[in-house]
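Notes to accompany the following structure.
The values are calculated or read from the model by the stated rules, or taken from the named source; none is laboratory data. Note that the structure is predicted; figures quoted are calculated from it, not measured. Glycine also receives a Cβ, built like all others from the backbone with ideal geometry; neighbour counts cover every protein chain displayed.
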Amino acid sequence: MLPLIYINLQRDAERHRRMQSEFSRLGLHADRQEAVLWTALSPAEQARLYSEELNKRQFHKTLSNGEKGCYASHLQAWKDLIDSTHEALVVLEDDVRLEPQFAEVITAIGSLPRGWDMIKLIGHLDARSAPSRQGRAQPLCPGYQLVEYKRVPSLTAGYVISRAGAAKLLQGRIPFGRPIDVDLRHWWETELCIQGVSPAAIALDETSEQSSIGAKTPDTLAMTWRKFRRKARYTLLNYWHRR
C-alpha cells in the first residue's frame with residue numbers, strides 16, 4: 001500500500017473526523033496534512049509561490065486566497081514526497097468518500113511499472129461524458145481500468161503522484177498563476193503524463209458542496225470573454241499536443 005495523506009484545514013475539524021472514519025472503515029491508515037492558510041504566509045512566501053503577472057497572462061481573473069492556499073497545499077504534498085523515501089504518494093482532499101475497492105486500486109497502482117507521473121482517482125463527474133474524453137485503456141485490477149485522457153479532467157479531489165511527477169511540477173509550477181485544477185490540465189507545459197482510473201475509486205462527499213476555499217465570485221462580462229478565449233486556446237493546444 002502506498003502512503004496516503006489527506007489535506008485538511010485545522011478549522012475543518014468535522015471533515016477531519018469524517019475522513020478518519022472513512023479510512024477506518026476500510027482498515028487503512030492515512031496521515032493528515034495541514035492545509036496551507038494563505039493569509040498566514042509571509043508576503044515573501046506568497047510572492048515566491050504566486051505570480052500576479054502569470055495570473056494575468058494565464059487566467060481570466062485573480063485567484064482568491066482560498067485557491068492560492070489550495071494550490072500551496074498540494075505543492076507542499078509534492079515537496080514532502082520528494083523529501084521522503086517513497087516512490088509515490090496518494091493525495092486526497094478532505095471532501096471525498098472511498099469506494100469499497102479503493103485499497104485494491106491503490107495497491108494495483110503501486111505495482112505498475114515506473115514511467116507514469118500522476119493517476120487521477122476520480123475524473124469526470126458526468127459518467128455519460130467520460131467515455132468520449134478517454135483514450136486507450138488497460139486492465140488495472142478487477143473491475144477497474146487504467147485510462148488515458150483525451151482531455152484531462154479538472155478534479156483534484158484525489159490522485160496518486162510519483163516522484164518523477166512531483167519533481168516536474170515543483171520545477172515547473174512555482175510560481176503559479178492558475179488554480180491547480182486548471183494548471184494540471186495544461187499537462188504539456190510540464191510534460192506531465194496524467195492518467196486515470198475508471199470507474200472512479202473515490203466519490204465526492206456532500207461536504208464538497210460547501211467548498212473550504214470559499215465561494216466563487218461571479219464573472220464580469222470581460223472575464224467571461226477572456227475565459228471563452230482561453231478555453232478555445234486550451235482546446236487547440238490540447239489537440240495539437242495529443243497528435
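Quick rundown of the values:
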{"quantity": "Single match in Ile194, Ile122 (criterion: touching a Lys or Arg at 6+ places or on another chain (Cβ under 7 Å), closer than 27 Å to Phe23 by Cβ, at pLDDT 95 or above and surrounded by 15 or more Cβ atoms within 10 Å (Cβ to Cβ))", "calculated": "Ile194"}
{"quantity": "Checklist (1) surrounded by fewer than 21 Cβ atoms within 10 Å (Cβ to Cβ); (2) closer than 21 Å to Ile7 by Cα applied to Arg151, failing item", "calculated": "(2)"}
{"quantity": "The stretch 39-62: number of residues that are touching a helix residue (DSSP H, G or I) at 6+ places or on another chain (Cβ under 8 Å) and among the charged types (D, E, K, R)", "calculated": "1"}
{"quantity": "Unique match (being in contact (Cβ under 8 Å) with a residue 40 or more places away in the chain and not in a helix (DSSP H, G or I)) among Leu75, Leu81, Leu54, Leu92", "calculated": "Leu92"}
{"quantity": "Ser154 under 23 Å from Phe228 (Cα atoms), of a type outside the set (Phe, Trp, Tyr) and in contact with a strand residue (DSSP E or B) (Cβ under 8 Å, 6 or more places away or on another chain)", "calculated": "no"}
{"quantity": "Residue in the stretch 73-80 that is within 16 Å of the chain's Cα centre (by Cα), over 28 Å from Leu140 (Cα atoms) and either crowded, with 19+ Cβ neighbours inside 10 Å or of a type in the set (A, V, I, L, M, F, W, C) (or both) present", "calculated": "yes"}
{"quantity": "Residue in the stretch 63-71 that is under 24 Å from Glu206 (Cα atoms), touching a helix residue (DSSP H, G or I) at 6+ places or on another chain (Cβ under 9 Å), part of a helix (DSSP H, G or I) and among the hydrophobic types (A, V, I, L, M, F, W, C) present", "calculated": "yes"}
